[in-house]
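Student: Input: one structure, supplied below.
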Amino acid sequence: MPFKAPHVSFVSFAVEVLSSGITQVMIVETDLHLNPKHPSYNRTAVHQLIAAVQDYAKANIEGAFAVRLVSTRSGEI
């Protein structure tokens, strides 16, 4: 099942190979600013996105996983 949520433009998956084992990585691109010091940072929207991604990952990814949020927005603080 594909992951869909507000503010998400693209989702991809990667595998991280560490000496401690293999971790599935869900990479989520978002139009949200992720730097809390940016004037357009929306704490509520970021936390809602994190919760939605975690719920999806727990239900759809087997074993160890990590989530990487990547902002597609640019701009200085």
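Student: Express in Å², to the nearest 10, the accessible area of H47 obtained by rolling a 1.4 Å probe over the protein heavy atoms while all chains stay in place.
Tutor: Here the accessible area works out near 100 Å².
Student: Give me the accessible area per residue for the chain, probe 1.4 Å, as a whole number in Å².
Tutor: 69
Student: Further question: Per the 1.4 Å probe, what fraction of the accessible area of the chain, in percent, lies on carbon and sulfur atoms?
Tutor: Solvent-exposed carbon and sulfur of the chain make up 52 percent of the total.
Student: Over all directions, how big on average is the projection of the convex hull of the alpha-carbon atoms in the stretch 2-44, in square nanometres?
Tutor: The directionally averaged projection comes out at 4.4 nm².
Student: Calculate the FRET efficiency for H47 and S20 from the Cβ-Cβ distance with a Förster distance of 30 Å, rounded to the nearest 0.05.
Tutor: 0.60
Student: So, taking all protein chains as they sit and a 1.4 Å probe, how much accessible area belongs to F10, in Å² rounded to tens?
Tutor: 110
Student: Could you please state, rounded to a whole Å, how far the C-alpha centre of the stretch 1-31 is from the C-alpha centre of the stretch 40-69?
Tutor: 9
Student: How compact and how long is the chain, expressed as Rg and Dmax of its alpha-carbon atoms in Å?
Tutor: Calculated on Cα positions, Rg and Dmax stand at 13.5, 40 Å.
Student: Modelled label-to-label distance, I27 and M1, 7 Å Cα→beta-carbon offset: nm?
Tutor: Here the modelled spin labels are 2.5 nm apart.
Student: I've got another one for you. Treating the angle as unsigned and between 0 and 90°, give the value, to the nearest 10°, between the Cα long axis of helix 43-60 and the longest Cα principal axis of the chain.
Tutor: 20
Student: Between F65 and S40, take the C-beta separation as r, use R0 = 22 Å, and let me know the FRET efficiency to the nearest 0.05.
Tutor: 0.15
The values are calculated or read from the model by the stated rules, or taken from the named source; none is laboratory data. It should be emphasised that the depicted structure is a prediction, and the values quoted were computed from it without experimental measurement. With ideal geometry, Cβ positions are generated from the backbone for all residues, glycine too; neighbour counts draw on all protein chains shown. Protein only, heavy atoms only, side chains kept; ligands, DNA and RNA dropped before computing areas. Shrake-Rupley method; radii C 1.70, N 1.55, O 1.52, S 1.80 Å.
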